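The values are calculated or read from the model by the stated rules, or taken from the named source; none is laboratory data. Treat the numbers as computed from the prediction; the structure is a model and nothing was measured. For neighbour counting, all protein chains shown are included, and Cβ atoms are generated from backbone atoms with ideal geometry for every residue, glycine included. We work out accessible area using only protein heavy atoms, side chains counted, and drop any ligands, DNA or RNA first. Shrake-Rupley method; radii C 1.70, N 1.55, O 1.52, S 1.80 Å.
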Amino acid sequence: MKKIKLMNKIAKVGTDNFSPEKYEVSDAVENADAIMVRSAALHEMEFNPELEAIARCGAGVNNIPVEKCTENGVVVFNTPGANANGVKELAICALILAARDVVGGIDWVKTLEGQEGVAKLVEKGKGAFVGGELVGKTLGVIGLGAIGGMVANAANALGMNVIGYDPYLTANAAWNLAPSIKQASSYDEIYKKCDYISLHVPATPTTKNMICEKSIAMMKNGVKIINLARADLVCADDIKAALENKKVSVYITDFPTEATVGAKGIINIPHLGASTLESEDKCAVMAAKQLDEYLQTGNIKNSVNFPNVSLPHTGAGRVAVMHKNIPNMLSQITQAFSSKGVNIENLANGSKGDMAYTIVEITDAPSAAFVDAVKAIDGVIKVKTY
């Protein structure tokens, strides 16, 4: 029986995918075969030798030590797109909050409590909160993946002129964009042309502080910036300076920090992007199904550190090999099979960066001696049998 450790409260609709005949699932299991996590930080966690996989119920994996997992042959899964609609809807909310000072107006109305003639006071004071409309304004969407593409299409439907940029745009993502959405040639084009800018890229060394003094200087005066992706994308000190000198008129972030809370011109949302019942359910179901598939068959889908490799499990046995992506590995693995008289029925292989993964269907159950022979190949990280 496989053990699944829950590091956060995971929606029951997700954990129900684990058959009680095959799995023990709780937050108290020890020596887990797999972990399901939402926001809990795992960087200081000691992983037991039995650990095979970690599934993040969400897209970002900043709370998981991915490099350490890779070195130990632990597959890290995420759930891209499962929470996309929830984040998209919050992005539309953020666009409206950026266009019109709804937050300021609501806060001001609270100060009228206990006064006489509230209706008249409201009519007299509402002029301080006049805003603009989104129709006809230009929105720049940086990152056109599952979330960014949906935001771009929704803003386009609201009558905005939408320009998108994604250096890693896939053909499938491009096909899903409305025809009227223009694709920029660089980040700089977005910075220079747009009234609103919405960020939808992961936090990486190349995207950290992408919104900074230098990039802000290229932007239109009074630009409105929305960040529902990651706090590290925006330099807090530079955005506050830009708000002070009116270069930026409003900054909306879903990632409050000590530097942003209480700062004038910043609307801090308490990380609500994926906090919908629907998103939590979809993420939990997707994560659970990916874990179950991997633990039972070795098939990998939506891993951030190993390639997607799947093969129908039709043979009497199956061997899955994690190995370094270096020359002659595949030939050495297949040679180990033939040298032990093991007949290969089917094979699938893929690579991702420095890592590779090979699934081999065989006509007989693999022996311990054969598994040891594969493990002995220089560059092999882990061997699993099914």
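Listed as lacking a disulfide-compatible partner in the chain: Cys69, Cys93, Cys194, by the criterion of no other cysteine Cβ under 4.7 Å. Tell me whether region 1-133 comes out rounded, prolate or oblate; compute the Cα gyration tensor, take square roots of the eigenvalues as a ≥ b ≥ c, and use a/c under 1.5 as the rounded threshold. Prolate shape, in that a/c is at least 1.5 and a/b is the bigger ratio.
Asp237 contributes an accessible area of around 110 Å² to the protein surface, as traced by a 1.4 Å probe with all chains present. In the chain, helical runs assigned H by DSSP with n ≥ 4 each contribute -39500 (n - 2.57); averaged across all residues and rounded to the nearest 500, the mean residue ellipticity at 222 nm is -9000 deg cm²/dmol. Remark: region 238-243, residue by residue, has Karplus-estimated 3J(HN,Hα) of 6, 5, 5, 5, 5, 5 Hz, where x stands for each Gly or Pro and the curve is 6.51 cos²θ - 1.76 cosθ + 1.60 at θ = phi - 60°.
Summary of the geometry: region 275-330 and region 1-55, compared by the centres of their Cα atoms, lie 15 Å apart. Axis angle, to the nearest 10 degrees, between helix 84-99 and the longest C-alpha principal axis of the chain: 20 degrees. Mind scanning Lys12/Lys324; Lys182/Lys220; Lys68/Lys301 and naming the pairs with a C-alpha gap bigger than 25 Å? Pairs exceeding the cut-off: Lys12/Lys324. Averaging the Cα positions of each part gives two centres, and for region 161-182 and region 338-386 these lie 40 Å apart.
Using a Gaussian network model of the chain in which every pair of alpha carbons under 10 angstrom is joined by a spring, one finds that among Glu189, Glu46, Glu116 the greatest mean-square fluctuation is at Glu116. Highest mobility in the GNM of the chain, judged by mean-square fluctuation with C-alpha springs under 10 Å and restricted to Ala59, Ala82, Ala217, is found for Ala217.
Cα gyration tensor of region 256-336, axes a ≥ b ≥ c as square roots of the eigenvalues: rounded (a/c below 1.5), prolate (a/b > b/c) or oblate? Cα axes put region 256-336 in the oblate bin.
Each residue of region 144-157 was assigned a 3J(HN,Hα) from its phi angle through the Karplus curve 6.51 cos²θ - 1.76 cosθ + 1.60 (θ = phi - 60°); the sequence is 10, x, 4, 7, x, x, 5, 5, 4, 5, 5, 5, 4, 5 Hz, with glycine and proline shown as x.
Pair-distance distribution of region 229-386: all C-alpha pairs, bin width 10 Å, starting at 0; shares per bin in whole percent are 9, 28, 19, 14, 15, 11, 5, 0.
Candidate cross-link partners of Lys5 among the aspartates and glutamates, defined by an alpha-carbon separation under 13 Å and a same-chain spacing of 8 or more, comprise Glu24, Asp27, Glu30, Asp33, Glu50, Glu52. Using Cα springs under 10 Å in a Gaussian network model of the chain, which residue among Pro312, Pro366, Pro327 shows the largest mean-square fluctuation? Maximum fluctuation in the GNM of the chain, among the listed residues, is at Pro327.
Dividing the convex hull volume of the alpha carbon atoms of region 336-375 by its residue count gives 70 Å³ per residue. Pairs of alpha carbons in the chain separated by more than 29 Å make up 53% of all such pairs. For region 69-218, the spread of Cα positions along the three principal axes, ordered from largest to smallest, is 67, 38, 32 Å.
Once you sort the root eigenvalues of the Cα gyration tensor of region 156-288 as a ≥ b ≥ c, which label holds: rounded (a/c under 1.5), prolate (a/b larger than b/c) or oblate (the other case)? Oblate, since a/c reaches 1.5 and b/c is not below a/b. Extension gain for Asp27 to Tyr168 (0.36 nm times residue separation, less C-alpha to C-alpha distance): 47.0 nm.
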